Every structure is written in structure tokens, then in C-alpha cells.
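Everything below concerns the one structure shown next.
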Amino acid sequence: MNSEKLALLLTREMPYGKYKGRVIADLPGHYLGWFAREGFPSGELGGLIALMYELDHNDLRSLLDPLRQARPR
């Protein structure tokens, strides 16, 4: 896991679905779990959703807090 990928979780938005427009870091756990069961999308998006699922599943969402605070608003 690298900091660049973690930073992308805070900037990349879901391009489709119920949570379209929401950044990946803010997707709810049940939605991430659904992807884990049904399959992650291909490409970068799928990799980021899978990473966020791992953070959520292992109760590590707090790793994103310093990056959230460092982000310019």
C-alpha cells in the first residue's frame, strides 16, 4: 500500500451507481462488501475499491484521516 493510492481514495469519485459522485473513501462498508462478494470492477477503479474494502474490513479507515486533514479545501 502506498500513499499515492491512499490519496486517490480521497479524490476519485464513483462514476456510476447509487453512490455516483461520492469519493471512494466515503463509500459505505456494506457497498464495499457487496463488491467483495460480487466482484470488483476491472482497472484502477476496481483496485481502489478493493483497497478501500480492505481498509474498511480491517477497521483501518483512520489511516486516511491525516490525508484528509492535509487536503486543501
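Just so you know, all these numbers are worked out from the coordinates, no wet-lab data involved. What you are looking at is a predicted structure, and each value in this text was computed from that prediction instead of being measured. Neighbour counts run over all protein chains shown; Cβ positions are idealised from the backbone, glycine included.
Can you give the charge dipole size of segment 3-70 about its Cα centre, rounded to the nearest 20 debye, using +1 on the beta carbon of Lys and Arg and -1 on the beta carbon of Asp and Glu?
200
With helices as the sole contributors, the chain gives -15000 deg cm²/dmol at 222 nm; each DSSP H run of n ≥ 4 counts as -39500 (n - 2.57), and the sum is divided by every residue. Loop-resident chymotrypsin sites (Phe, Trp or Tyr not before Pro) (DSSP state other than H, G, I, E or B) in the chain with no more than 11 further Cβ atoms inside 10 Å of their Cβ: Tyr16.
Between Arg12 and Ile24, the built amide H atoms are under 5 Å apart, and every one of these is 5 or more places off in sequence or on another chain. Annotation note: trypsin sites (Lys or Arg not before Pro) in segment 1-46 located in DSSP loop regions with a Cβ neighbour count of at most 15 within 10 Å are Lys18, Lys20, Arg22.
Relative to the current alpha-carbon distance between Ser42 and Asn2, full extension at 0.36 nm per residue lengthens the span by 12.4 nm. Ranking of Met14, Met52 by neighbouring Cβ atoms within 10 Å, starting from the fewest: Met14, Met52. Segment 2-18 and segment 28-73 have Cα centres separated by 8 Å.
Shape analysis of segment 3-70 places it in the prolate category; the axes a ≥ b ≥ c from the Cα gyration tensor give an a/c of at least 1.5, with a/b above b/c.
Summary value for the chain: 27 percent relative contact order, contacts being C-alpha pairs under 8 angstrom separated by 6+ residues.
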